[in-house]
1. Testing the spin-label approximation: label points 7 Å from Cα along Cα→Cβ at D246 and S39. State their distance in nm.
2. What full-extension length gain, to one decimal in nm, is calculated for E175 and K156 as 0.36 nm per residue of separation minus the Cα-Cα distance?
3. Quickly work out the K19-to-V63 label distance, labels modelled 7 Å from Cα along the C-beta direction, and quote it in nm with one decimal.
4. Ignoring everything but the protein chains, give the 1.4 Å probe accessible area of T115 in square angstrom, nearest 10.
5. Hey, which of these cross-link pairs are over 31 Å Cα-Cα: K20/K155; K36/K251; K201/K251; K109/K179; K36/K216; K20/K251?
Amino acid sequence: MTKQGIDGIEPAPHRLRYKKGDLIVKEGDYGISMYKVLSGKVQVLVELEDTEIPLTTISEGDVIGEMVFLSRSVERRTATARALEETVLEVWHPNLIAREYEEMPPVLKLIADQTLSRLKRMNRLVPHLISKRRKEKASPGQKDPWASQRRFYRKKVDLRAHLRAVEALEGGRMEGTIKDISLGGAGIEIRPRNVRRFPYKEGHSFEIETILPNGKPLHFSARIVSVKPGHVPGTLFLGMSITDIDDQSGKDLGFFLMPA
């Protein structure tokens, strides 16, 4: 069943079923449809250097293909979507929601456009960073993977952080302040009382938790690559290289580091 819309015929939404492993959309293809996940799980990924890089996993209530709609133009799909299990999707033609979009206040359209632009940059950036991190892990001889990224992505911050020393069996949880951070590392100031509790040395590893200014929780593993006296008497300033970060934390951090 169809109905007449502002741009002509508006096909009614219909449902599609996919088995585990079925391809839903392919990166590089042209397409205008959007898909709402009614049940199941879908993995979104991109291909880079003949390797599939997972970006995220979406489930019930999430939407695929919204970037093409918000771009308001015919563009190639920027990612591949594949069913991770038995999945049911509802397919929408853009004309079904075009009227609602056109009736949005201009300020909301501006916010949507800016968010879309940042998301596109993130989707281009994240796969390259993940691929680079995988190569660094495969090449343990590299002394400091942070160094090659520090110049481009470093940002000054003042974030309270909790650190847990991997080497310490007891009393290894302490507090510090992240003074700068990048996609590859962080500079952390350690308070005097914590300096006395643990012998910070190059090569020591930590699990680190903090909250970004945008409210997103951040968790990563890092290794000390330098130890210097802090600006405040009795403190230490640790230069740390990120050794492991999950995909969601990496994406949240990358989005935070992007220029406004």
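1. The modelled label-to-label distance comes out at 2.7 nm.
2. That works out to 5.0 nm of additional length.
3. My value for the distance between the label points is 3.1 nm.
4. Spelled out: T115, probe radius 1.4 Å, area about 70 Å².
5. K20/K155; K109/K179
The values are calculated or read from the model by the stated rules, or taken from the named source; none is laboratory data. Fair warning: this is a prediction, and the values are worked out from it, not measured in the lab. For neighbour counting, all protein chains shown are included, and Cβ atoms are generated from backbone atoms with ideal geometry for every residue, glycine included. Remember, those area values only see protein heavy atoms, side chains included, never the ligands or the DNA or RNA. Shrake-Rupley method; radii C 1.70, N 1.55, O 1.52, S 1.80 Å.
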